[in-house]
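Below is one structure, written out as structure tokens; comments come after it.
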Amino acid sequence: MRADVVTIFPTYLEPLRLSLVGRAQERGTLDVRTHDLRAWTSDVHRTVDDAPYGGGPGMVMRPEPWDAALSEIAESDPTRRPRVVVPTPAGRPFSQRHAEELAREPWLVFCCGRYEGIDSRVIDTWADDEISIGDYVLAGGEVATLVILEAVARLLPGVLGNSASAADDSFSDGLLEAPVYTRPQVWRGAEVPAVLRSGDHAAVARWRRAQALRRTLARRPDLVEHAELSDADRAVLEAVAAEVQQHAATASGAALAADSAAGRGSARDSPDRL
Ligand code: JBE
């Protein structure tokens, strides 16, 4: 996959040289090219922004440098057309499904705007996708581009050492993953669950599935509604509901049940005891 990133802060994208995404680039699976938008300005001050029509605070990115940059990048390979992505809080919420979709593209171009945004005519002309990584305000699209590219890069063929691990991820089956443990067997008085040391692979798989269901129910009940559930999964959920009802009879149990209903939970409290 080729990915071009247009930004006024090219150094913001340097983390893409590290770790898994960096290795994908060294191996040639991914080719990231970062461009400084100011290279496509023609005035002596290399201006990329201007005041918004209609007034208001902040600045808007001018259309001309964006159009020149995107034209030149798109024309650099006349055999195909890139998919142009604009990270913005006004975009479609980013998800694992979305990452899988982008991972199938041969060529992505990311346009990093400052928060007040890029002149809307550039978006209308060029953007195939406006993507939001969450309901909070970042200073610009650079960090969102890092997030999206990392989620996409690890799905490219050969990037993860073990091809099974992408399929096992949280969200790939619509649920959160079960908790994980390594040595020592007892740490600060807490023991690793016996089933994980039993060598019984079927029992381990059942336990992990039940834990995934319990955790997801406690922390992200919205995900359980959309997950594909087997009869065995439904039996686990019914058992959890019965436990919650039993706990609700006691004071601490009531808090636990409320926590679960609110989708709250931390490593310390309810989910694993639910
Ligand atoms: O989610 N996003 O892609 C953003 C882009 C720019 C600023 N804030 C965001 N949340």
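Points to keep in mind about this one:
- Placed amide H near residue 108: partners under 5 Å, 5+ positions off or other chain: 2, 3, 4, 83
- Ordered by the number of other Cβ atoms lying within 10 Å of each residue's own Cβ, fewest first, 29, 7, 182 fall into the sequence 182, 29, 7.
- Loop-resident trypsin sites (Lys or Arg not before Pro) (DSSP state other than H, G, I, E or B) in the range 54-157 with no more than 15 further Cβ atoms inside 10 Å of their Cβ: 80, 104.
- With an a/c value of 1.5 or above and a/b not larger than b/c for the gyration tensor axes a ≥ b ≥ c computed over the alpha-carbon atoms, the range 120-161 is described as oblate.
- Angle between the chain longest axis and helix 251-261 axis [Cα atoms, degrees, rounded to 10]: 40 degrees
- Taking all Cα pairs closer than 8 Å and separated by 6 or more residues, the relative contact order of the chain comes to 16 percent.
- Span from the the range 68-86 Cα centroid across to the the range 201-245 one, whole angstrom: 45 Å
- The shape of the range 154-242 comes out oblate: with a ≥ b ≥ c from the C-alpha gyration tensor, a/c is at least 1.5 while a/b does not beat b/c.
- The 3J(HN,Hα) values that the Karplus relation (6.51, -1.76, 1.60; θ = phi - 60°) gives for the range 24-39 are, in residue order, 4, 6, 4, 7, x, 6, 10, 10, 9, 10, 9, 10, 8, 3, 5, 5 Hz. Gly and Pro appear as x.
- Filtered trypsin sites (Lys or Arg not before Pro), the range 19-54: DSSP coil and at most 15 other beta carbons within 10 Å: 27, 46
- Cα long-axis angle, helix 63-75 against the chain (0 to 90 degrees, to the nearest 10): 80 degrees
- Largest-first ellipsoid semi-axes for the range 62-161, taking √(5λ) over the Cα gyration tensor eigenvalues, angstrom: 22, 19, 10
- Counting every other Cβ atom within 10 Å of each residue's Cβ, 59, 1 order from fewest to most as 59, 1.
- The H on the amide N of residue 132, modeled in the peptide plane, is under 5 Å from the matching H of 88, 91, 92, 94, each at least 5 residues off or on a different chain.
- Among 50, 222, the ranking by other beta carbons within 10 Å of each residue's beta carbon, starting with the fewest, stands as 222, 50.
- Phi angles across the range 44-58 convert, under the Karplus curve 6.51 cos²θ - 1.76 cosθ + 1.60 with θ = phi - 60°, into 3J(HN,Hα) values of 5, 8, 6, 6, 10, 9, 7, 5, x, 4, x, x, x, x, x Hz, Gly and Pro given as x.
- Principal-axis tilt of helix 231-247 within the chain, Cα atoms, nearest 10 degrees: 70 degrees
- Residue 49 long-range amide H proximity, modeled H, under 5 Å: 62
None of the figures in this text is laboratory data; all of them are computed from the coordinates on show. Keep in mind it's a predicted model, so treat the numbers as computed, not measured. All Cβ positions, glycine included, derive from the backbone under ideal geometry; neighbour counts span all protein chains shown.
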